[in-house]
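Below is one structure, written out as structure tokens, with a few remarks after it.
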Amino acid sequence: MIRLWLMLALASATPSAHAAEDPVSQSVTQLTQELDALDRDARDGNAALERLQARQAIERLQNARTRDRQAALDEAQVLLKTAEYGVKASQLKEQLVQLDRERDAIMVEASRRDAALARKEAERLRLQALAREEEQSQLIELESGAAPAAAAGRTYPSLP
């Protein structure tokens, strides 16, 4: 009879031990999945140290004693968030570099256009100056040509 009670006690104690491990194993699974997704999102070793620390914290959580599990879970969650922020910061830095490159290209193109407009304006002003010079030389020619013609057409009174 005692044996039966012992077996029942052990049988009822075993599920509670597994129930206590279940939340931890579920947390480990969830954290591992999040870290794997983060590893896929990370490029070129972005936040590699932070991701490694998070992976190590998850391993510590798996091996933690019952009384240390909550602290290990908290640590793993914090380190996973730190890794997420590190990856996001690296991605934002890459995006910033790309945007800087695009801005520089736009500025170069704007400078080229400004230079082309300045060349066109300089050419227009040069042609305008040439046209004024041509007009002035034609006026001078007309005036100088009109003076001899006027002189030729004048009659001087004869002297007695």
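Among the residues of the range 54-67, those identified as assigned to a helix (DSSP H, G or I) and open to solvent by 70 Å² or more (accessible area, probe 1.4 Å) are ARG55, GLN56, GLU59, ARG60, GLN62, ASN63, THR66, ARG67. With respect to ALA19, determine if the residue is at pLDDT 90 or above and more than 30 Å from LEU92 (Cβ to Cβ). Judged against the criteria, ALA19 is not a match. Residues that are of a type outside the set (A, V, I, L, M, F, W, C) and under 26 Å from VAL24 (Cβ atoms) occur in the range 85-97; there is at least one. For first residues located in the range 63-86 and hydroxyl-bearing (Ser, Thr, Tyr), partners that are buried (at least 19 other Cβ atoms within 10 Å of the Cβ) and lie 6+ apart or on another chain with Cβ distances below 6 Å form the pairs THR82/GLU50. Contact list please: Cβ distance under 8 Å, first residue in the range 134-154 and assigned to a helix (DSSP H, G or I) and of a type in the set (A, V, I, L, M, F, W, C), second residue modelled with pLDDT under 75 and open to solvent by 100 Å² or more (accessible area, probe 1.4 Å), pairs at least six apart or on different chains. Hits for this filter: zero, empty list.
Among (1) under 22 Å from GLU84 (Cβ atoms); (2) open to solvent by 50 Å² or more (accessible area, probe 1.4 Å); (3) modelled with pLDDT under 90, there is one condition SER27 misses while meeting the rest; what is its number? All conditions are met except number (2).
Listed here are the residues, each with its yes/no results for (1) open to solvent by 100 Å² or more (accessible area, probe 1.4 Å); (2) basic (Lys, Arg).
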{"site": "ARG69", "(1), (2)": "no, yes"}
{"site": "ASP74", "(1), (2)": "no, no"}
{"site": "GLY86", "(1), (2)": "no, no"}
{"site": "LEU92", "(1), (2)": "no, no"}
{"site": "ASP100", "(1), (2)": "no, no"}
{"site": "GLU109", "(1), (2)": "no, no"}
{"site": "ARG119", "(1), (2)": "yes, yes"}
{"site": "LEU127", "(1), (2)": "no, no"}
{"site": "GLU143", "(1), (2)": "yes, no"}
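Taken together, the residues in the range 68-109 that are over 30 Å from PRO23 (Cα atoms) and either outside any helix (DSSP H, G or I) or β-branched (Val, Ile, Thr) (or both) amount to 3.
The values are calculated or read from the model by the stated rules, or taken from the named source; none is laboratory data. A quick note: this is a predicted structure, and the numbers were derived from the prediction, not measured. In this analysis, Cβ positions are derived from the backbone assuming ideal geometry, glycine residues included, and neighbour counts consider all displayed protein chains. The area values use the complete protein model at the heavy-atom level, side chains included, leaving out ligands, DNA and RNA. Shrake-Rupley method; radii C 1.70, N 1.55, O 1.52, S 1.80 Å.
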